[in-house]
Amino acid sequence: DKGEFRHYMMKEIYEQPKVIAACLEGRISESKVLTSCFGADSGFLKEVENVHIVACGTSYHAGLVAKYWLEDLAGVPCSVEVASEYRYRKVAVPKNTLFLTLSQSGETADTLAALRMAKTLAYLTTLAICNVPSSTLVRESALTLLTNAGAEIGVASTKAFTTQLTALLITSVAIAVENGLSAEKEKALVQAMRSLPSYVNAALQEDAHIKKIADRFANKHHALFLGRGAMFPIALEGSLKLKEISYIHAEAYPAGELKHGPLALVDENMPIITMVPHNDMLDKLKSNLQEVAARGGELYVFADKDTELNNEKNITFTEVPKVERILEPIVHTIPLQLLSYHVAVVKGTDVDQPRNLAKSVTVE
Ligand code: F6R
């Protein structure tokens, strides 16, 4: 039932404050991550010295964000790979490596094959972050953390992605605590996480503004998404969302790579969508924006007001709530979901069932 919404995708975008709260429920206290959420065998957390994350599509993008969290908070090396590559190569497994899969459906053929291969290798254990409790992935993994997002009907993944990120943040903090994160820092992180549902709700308030911007994309054939740090995987996810439902060719680059090639694409017909975090990368990113502006590129910036980018001419500004640095990738996802949704509606595509795509990719 789509309720008041025209499409499942929009209904699912709007469910995010609620399902992120459901994902946090019972997994954090006022000051701690509750390791009991990993089941009776949470002892593995102490032993993790490495993490291999394997997934496909949007779930892979969630994994890319987790690499930043794990290495930053826990100092634990993490590699992230798409399942269709991982499963066909010889993988070197360092001592005490956690094998972590991410999947909305738990039925993606390549991800399942990767898990089956991993079980023959010398991993510490296998953990699945998954949305479907009865899925094959959950059944075949040693440990599971459910995302609790409820059924996702729209083919373009939205609430499954932000709850995967939430579950990955819980996991990253749990591993960090075992690697010497102070109780004080844990408490600050957990309290920030408790604000996530209201931050996401605040981000949704820009819907009407984003709908207006979307009109300007209808006649575009290409778009470029830029981000730095953990915002780079969010740029990848924003570009995937735009491609899959509006059929506009989009690419994502780490902003620092611009002058190594893609800058050649920039002219007045190229919209550039940039996620600006409010952290120590801000000045670097501002100079990347100037490079683009100098070439006539149309700049769409998603940032908080304290960045003062709302006052720049030549920039179409969308406000994103100012949040703790660790939460920025989750909160910045929301406006990009809304943008791709509204562009698709303007273009008249089949938003919930884009051409050539299936909700669950059970064949390789
Ligand atoms: C894109 C999308 C896909 C899936 C991918 C993996 O919006 O939904 O890229 O993320 O097919 O699916 P799961 O997460 O079910 O393994």
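Counting only residues that are surrounded by 19 or more Cβ atoms within 10 Å (Cβ to Cβ) and either in contact (Cβ under 8 Å) with a residue 40 or more places away in the chain or away from the ligand (no atom under 13 Å from the Cβ) (or both), the range 127-142 holds 3 of them.
Taking THR362, is it at pLDDT below 95, of a type in the set (Ser, Thr, Tyr) and open to solvent by less than 10 Å² (accessible area, probe 1.4 Å)? Here the answer is no, as THR362 does not meet what is asked.
The one condition from (1) within 16 Å of the ligand (Cβ to nearest atom); (2) at negative phi that LEU121 does not meet is (1). Do any residues in the range 106-125 that are farther than 29 Å from GLU152 by Cα have Cβ atoms under 8 Å from those of residues that are away from the ligand (no atom under 16 Å from the Cβ) and of a type in the set (Asp, Glu), where the two are at least six apart or on different chains, and which pairs are they? Filtered contacts from the range 106-125: LEU124/GLU47. The set of residues from the range 307-359 being open to solvent by 20 Å² or more (accessible area, probe 1.4 Å) and within 26 Å of LEU137 (Cβ to Cβ) comprises ASP352, GLN353, ASN356, LEU357, ALA358, LYS359. Selection of the range 225-247 for residues being of a type outside the set (A, V, I, L, M, F, W, C) and either part of a helix (DSSP H, G or I) or within 16 Å of the ligand (Cβ to nearest atom) (or both) yields PRO233, GLU237, GLY238, SER239, LYS241, LYS243, GLU244, SER246, TYR247. Considering the range 13-122, there are no qualifying strands (runs of 3 or more DSSP E) wholly inside with 3 or more residues that are touching a Lys or Arg at 6+ places or on another chain (Cβ under 6 Å) and either more than 27 Å from SER239 (Cα to Cα) or open to solvent by 30 Å² or more (accessible area, probe 1.4 Å) (or both). Taking the stated definitions as given, is TYR14 away from the ligand (no atom under 16 Å from the Cβ) and within 16 Å of the chain's Cα centre (by Cα)? No; evaluated as a whole, the condition is false for this residue.
For LEU339, the criteria (1) within 16 Å of the ligand (Cβ to nearest atom); (2) out of contact with any Leu (no Cβ under 9 Å at 6 or more places or on another chain) hold in every case but one, which is (2).
Okay, residues lined up against (1) at pLDDT below 95; (2) among the basic types (Lys, Arg):
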{"site": "GLU184", "(1), (2)": "no, no"}
{"site": "ALA192", "(1), (2)": "no, no"}
{"site": "SER198", "(1), (2)": "no, no"}
{"site": "ALA203", "(1), (2)": "no, no"}
{"site": "GLU206", "(1), (2)": "no, no"}
{"site": "HIS209", "(1), (2)": "no, no"}
{"site": "ASN219", "(1), (2)": "yes, no"}
{"site": "PHE225", "(1), (2)": "no, no"}
{"site": "LYS241", "(1), (2)": "no, yes"}
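For the subset of the range 90-118 comprising residues that are within 11 Å of the ligand (Cβ to nearest atom) and out of contact with any strand residue (DSSP E or B) (no Cβ under 7 Å at 6 or more places or on another chain), which member is nearest to LEU146 (Cα to Cα)? So the residue we want is GLN104. For beta carbons closer than 7 Å, sequence separation of 6+ or different chains, a first residue in the range 154-165 that is closer than 10 Å to GLU237 by Cβ and near the ligand (Cβ under 8 Å from one of its atoms) and a second that is of a type outside the set (D, E, K, R) and not in a helix (DSSP H, G or I), the qualifying pairs are SER157/GLN104.
Residues that are among the polar types (S, T, N, Q) and not in a helix (DSSP H, G or I) within the range 329-364 comprise THR349, GLN353, ASN356, SER360, THR362, listed in sequence order. Within the range 248-284, the residues that satisfy the criterion of being farther than 22 Å from ASP350 by Cα and assigned to a loop (DSSP other than H, G, I, E, B) are GLY261, VAL266, ASP267, GLU268, ASN269, MET270, VAL276, PRO277, HIS278, ASN279, ASP280, MET281.
The values are calculated or read from the model by the stated rules, or taken from the named source; none is laboratory data. Small disclaimer: the values here were computed from a predicted structure and weren't measured. All Cβ positions, glycine included, derive from the backbone under ideal geometry; neighbour counts span all protein chains shown. The accessibility values were calculated without ligands, DNA or RNA, using every heavy atom of the protein model including side chains. Shrake-Rupley method; radii C 1.70, N 1.55, O 1.52, S 1.80 Å.
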